[in-house]
1. Which percent of the accessible area of segment 435-506 is formed by carbon and sulfur heavy atoms (probe 1.4 angstrom)?
2. Give me the aspartates and glutamates in straight-line cross-link reach of Lys383: C-alpha distance below 19 Å, same-chain residues under 8 apart excluded.
3. When Lys and Arg each count +1 and Asp and Glu each count -1, what net charge do the other residues less than 12 Å away from Arg120, Cβ to Cβ, add up to?
4. What number comes out for the charge environment of Ser459, summing +1 per Lys or Arg and -1 per Asp or Glu over other residues with Cβ under 12 Å away?
5. What ranking, highest mean first, results for peptides 128-137, 501-510, 295-304 when packing means the other Cβ atoms within 10 Å averaged over each residue?
6. Which net charge results when you count Lys and Arg as +1 and Asp and Glu as -1 among the other residues whose beta-carbon is under 14 Å from that of Gln267?
7. Using the heavy atoms of the protein chains alone and a 1.4 angstrom probe, what is the accessible area of segment 164-304 per residue in square angstrom?
8. Given the pairs Lys373/Lys450; Lys334/Lys444; Lys353/Lys545; Lys404/Lys545, which span a C-alpha to C-alpha distance of over 21 angstrom in this model?
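The values are calculated or read from the model by the stated rules, or taken from the named source; none is laboratory data. Predicted, not measured: the structure shown is a model, and the values here were computed from it. No Cβ is skipped: glycine too gets one built from the backbone with ideal geometry, and neighbour counts run over all protein chains shown. Keep in mind that these areas ignore ligands, DNA and RNA; they rest on the heavy atoms of the full protein, side chains included. Shrake-Rupley method; radii C 1.70, N 1.55, O 1.52, S 1.80 Å.
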Amino acid sequence: MRPPRAPPQPAAARSAAWPVGLLVALCFTTLPLFLALSPGRPSLLDLWQQMGIRVTVHYDDETRPSEPSSDPPPERETRDVLLGGLLSPDVDEASCRSRYLSSLHRAPSPHSPSPYLVSRLRRYEALHRRCGPGTPSYDKSVRQLASAHHSMGLAECSYLVWTPGSHLGDRVLSMASAFLYALLTRRVFLVDMATDMAGLFCEPFPGASWELPPGFPVRNLTRLRRGSEHSYGSLLGAKKIRNEDPAGVRSESLPSYAYLHLAHDYQLPDQLFFCDDDQTVLGKVNWLVLRSDLYFAPGLFFVPQFEDELRWMFPAADTVFHHIGRYLFHPSNKVWKIIAGYYTSYMAKFDEKIGIQIATLAGNPVSAEAYFKQVTACTSQEKILPEIDPDAASTDYEAAATSKAVFVSSAQPEYAERLRSMYYEHATVTGESVSVLKQPGARKQPQNQKLLLEMFLQSYCNVSVVSGWSTVGYVGHGLAGVKPWLLPPPPRNQTVANPPCVRATSMEPCFHAPPSYDCRAKKNGDLGAVLRFVRHCEVSGDGLKLFD
């Protein structure tokens, strides 16, 4: 693979850099002196804030001002709540408290976003404000979509509409992948927000909405499936789209929209989405509608025209979801109140927090007894949790010097209950205290809200143990930026996997159903052997994963 070209630098910015720098230097050296000699002068902090400069003030414990807040302040340190520039400061803090406070519950990430990714996100936000819902450009594009049978030609704005399917963990991963695709193709990213997702997330883009407004001309978006008339595969089969000469395709000859079916059951020719020629053709269609239950971001690295852009945005290939997920997903104030309350009440006081996320595959059933033994074998073998002393009751030990909290999330509560009983009844051989936390949420709480709570609480853990196919677990450790221990499903006709768990070599989620077609070789092949930073997943032989 060729090395990436240097990121583009705007010529105007380069030529204007030195006079702007000189002006800024003069302002910051002379203006404070002038103000210092002026009667009734404002403080320098006041001046900077009026100029729109955000200032972080460091206090020690003696001088830190006390402000009433339901959210616990960070202890003895000030965190970068904008995540190295990943987040724009142009979102009102009161409208989305989790955007500015969630990172305070995690250790600072060692993975800084690249300057190019930061600049691309700011440019995207400007695009969304110019072309998103409620703008003249959006209204014009929707009217043209409703009245035209063909694409509108070279339009000012083009769009990608994500429509939901499957489980919330799958949705979050596919939304992150779809947004990355929108970034790469300069499309406005819109979400067909399902009823069961209403009220879960804040708006991620400042000054604009990502929700698809009512009255969209394409009806029954949730009924689009493989083989639908407007699916890319069907359009190719009917010769309504031709990919033999992509450069020669005129946008006016293309359908007004195309549906991209990237779910687990997709086949050729829908899998040609990951081919360079087909991306050239799709780039001329004004409206794309996408459904996926997969983390398909690794597949975008196989498209040559995306190659440089991806490497500029993500110099470390295994940080894609970590950065995109932290940028895009912020629990709403209603959900955040529950998350922050649980964390403060149950998790904050512990030295180490261990997240265990257990999911079982319907196609490979394993008894709860066998899987529990696998979990405890993993945590014992890898020194994640201390072993118990079967002859010593927990009360035989004085207050432990170190304490560990275990947050267990699973659809089957017996895993947490058995682990809690084990450490409640017996002391540990190391003398450490282990507390197994109860799962949050009331019985009548909406299912997707419960799952979102689990994802974010898992993301506040220092150590992660995750079932090998758990998308809820993928989101949790991806947001946290930690490499998990993965529990492989036991081989068929066996009750215990050996080894019980493996350490992931990347914090990235797994692309569970990648295409079998190698576009570069123009034949079926092993895509896990094409790029050095895309390999097979640790516990899913056919899946693909990004590595650094």
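1. Carbon-and-sulfur percentage of accessible area, whole number: 50.
2. Those aspartates and glutamates meeting the cut-off are Asp351, Glu352, Glu432.
3. Surrounding charge for Arg120 is +1.
4. Residues near Ser459 contribute +2 overall.
5. Top of the packing list down: 295-304, 501-510, 128-137.
6. Local charge sum for Gln267: 0.
7. With the other protein chains kept in place, segment 164-304 gives 34 Å² per residue.
8. As for pairs spanning more than 21 Å Cα to Cα, those are Lys373/Lys450; Lys353/Lys545; Lys404/Lys545.
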